1. So if I take the alpha carbon set of the range A:448-491, get Rg, then get Rh from the Kirkwood formula, what is the Rg over Rh ratio?
2. Per 5 Å bin, what is the whole-percent P(r) computed from every C-alpha pair distance within the range A:410-567?
3. Compute from the Cα atoms of the range A:160-260 the Rg and the Dmax, the latter being the longest Cα-Cα distance, and quote both in angstrom.
4. Could you sort A:404-415, A:467-478 so that the peptide with the highest average Cβ count within 10 Å comes first and the rest follow in order?
5. Quick one: Debye curve from the alpha-carbon atoms of chain A only, equal weights, vacuum; give me log10 I(q)/I(0) at q = 0.05, 0.06, 0.11 Å⁻¹ to two decimals.
6. Would you mind ranking B:7, A:141, A:192 by Cβ crowding within 10 Å, fewest neighbours first?
7. Can you order the peptides A:273-283, A:68-78, A:162-172 by their average number of other Cβ atoms within 10 Å per residue, highest first?
8. Taking every pair of alpha-carbon atoms in the range A:175-227, what share in percent sits in each 5 Å bin, from 0 to the bin with the longest distance?
């Protein structure tokens with residue numbers, strides 16, 4: 001095994017090839033590269049490693065185990081479907097950037113040490129920024145810059161952690177750091193900084209606003225790519241780095257609830273789905289915090305299932321946007337009549353995210369809830385149940401209802417082109433197949449699975465929870481009137497506060513500055529006169545006496561001597 | 001006269017939809033007579049606990065969101081105004097009609113990738 005068999009390589013090569021590929025060969029490159037990556041991932045024996053030395057450090061550039069493999073698998077499947085979905089509509093720069101992005105995500109997932117992980121982490125930030133930016137609108141440009149700012153900040157926090165870890169720990173290998181969180185001293189500081197860096201990418205509070213701010217500004221296919229990699233690599237690194245860290249239970253539960261509340265306030269269809277990414281990642285983070293094999297399996301399985309149904313939902317929303325040019329609930333409605341395939345796929349995605357029995361969400365999310373029961377975490381279990389009901393409320397019904405049903409908007413666009421429809425139908429089928437045959441997913445989970453999702457009790461309690469959440473939706477519909485608004489979030493502090501501060505502090509600062517500039521200009525003029533007098537055209541230092549010069553040299557000498565002895 | 005609206009949109013069908021929906025809800029609660037729940041917490045096995053919990057947790061979330069919305073909602077161009085004040089003299093054109101920038105602002109054609 002060598003570096004050449006890295007699964008990231010085919011994707012990165014494809015991104016270089018894409019701009020110089022003829023249109024007829026484009027689809028071959030776009031679909032062939034992810035398949036090649038997938039084949040490479042599964043051709044590795046379990047536990048295979050590629051080592052290298054860098055300075056004094058032993059680096060593990062590639063390392064394969066069950067956890068890496070499940071994330072690698074879903075990332076390549078996602079690249080395949082996303083590339084197909086965007087092949088005819090997306091700009092080449094977007095597809096190229098998306099392939100670098102996916103390749104870097106694979107790099108993170110197969111990195112065996114913190115240094116190579118960090119490098120891929122940063123490549124991901126740059127490539128994903130390019131994906132957002134390539135939508136080509138002024139709004140996407142601004143959003144991509146805010147996104148980059150946040151991720152570079154996260155990268156710096158992570159780097160501080162990695163450097164501190166290199167200083168205070170024996171080696172840089174990437175393994176569980178949960179113990180170090182409470183170890184005290186430098187190791188503890190390093191672990192907390194690394195955790196914070198990871199959590200920023202997961203969309204954890206308080207820095208979560210970047211996600212619903214930036215993702216909906218990308219193109220339809222760009223948003224599909226974005227939804228899969230950044231937050232899910234964060235879930236992966238938390239799974240490997242901080243399993244059983246108790247703080248993650250509470251962070252995760254907050255995320256699950258935050259996502260719902262903000263999605264309920266939102267009018268933009270893709271922003272609703274972006275908030276629900278935070279909500280769903282909250283479930284996974286909670287599972288990681290619980291930390292038992294069942295919970296970790298649940299988190300990994302949920303990440304796998306989530307990538308598929310979230311991409312499906314965003315493909316469906318993207319198709320609506322592409323065909324109608326409208327992105328707000330208040331402008332849409334009644335589309336099921338002319339877009340039956342998009343509507344059906346959207347509804348299957350919505351049922352999956354709500355964890356309806358026979359869909360992929362049910363077989364993964366219920367593992368996390370069961371883990372909470374097994375650990376007797378009643379509060380966490382209740383909040384997870386409430387969040388499950390809330391998912392149905394904000395994504396399960398709200399999204400399809402306002403887009404495909406509710407009042408008839410009179411719009412009658414047809415379904416999108418085949419290259420967009422086929423991946424949607426494929427993913428919808430995958431949601432159902434995973435839900436009906438959970439064994440196929442359970443087999444590739446990191447720990448042996450001893451869990452049966454389909455018991456009468458599970459199905460009945462879940463149906464009660466969800467159907468009555470649905471009742472609540474229709475009863476409370478008048479309270480959920482769509483408004484043409486945005487909701488303030490933590491991003492207010494870096495988007496509005498500086499503007500307000502500048503409005504207050506600006507005039508005095510500008511006054512002070514122009515004073516300084518004026519003063520320095522005057523000094524320049526005077527200094528010029530001085531220099532012309534003593535260092536003019538007729539030779540250097542003509543007006544200074546020899547004695548004065550000697551005194552100057554002597555005092556400089558004295559100063560140097562004094563400094564030398566005092567040092 | 002033939003009704004050209006889809007059956008979901010015909011007013012006379014609305015009570016029927018509610019009736020079938022209610023039957024479905026009753027059925028899934030009634031199922032608890034036949035299926036023994038064993039959630040692991042005593043309270044979670046009470047009759048119709050999940051139904052009641054599902055409904056009321058949603059009620060709480062919607063009411064809370066409504067309350068929060070009253071505090072955090074702002075016009076859509078809230079941040080654009082802030083940007084226009086400080087920089088981007090070229091963005092002044094957008095500023096001319098901020099409230100009307102609602103539905104029309106997302107019209108097709110403004111995005112390079114939208115359908116021709």
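1. We get a ratio of 1.27 for the range A:448-491.
2. 1, 5, 5, 5, 6, 7, 8, 7, 6, 5, 4, 4, 4, 4, 4, 6, 7, 6, 4, 2, 0, 0
3. Cα-based Rg and Dmax for the range A:160-260 come out at 15.1, 47 Å.
4. Per-residue Cβ counts within 10 Å, averaged per peptide and sorted highest first, yield A:467-478, A:404-415.
5. For chain A at q = 0.05, 0.06, 0.11 Å⁻¹, log10 I(q)/I(0) is -0.26, -0.36, -0.95.
6. B:7, A:141, A:192
7. Order by mean packing, descending: A:273-283, A:68-78, A:162-172.
8. Bin by bin from 0 Å, the calculated values are 4, 19, 18, 15, 14, 10, 10, 7, 3, 1.
Read-outs: derived from the displayed coordinates by stated rules, not from any lab. Since the structure is predicted, the reported quantities are computational estimates derived from the model, not experimental observations. Note: ideal-geometry Cβ built from the backbone for every residue, glycine included; neighbour counts use all protein chains shown.
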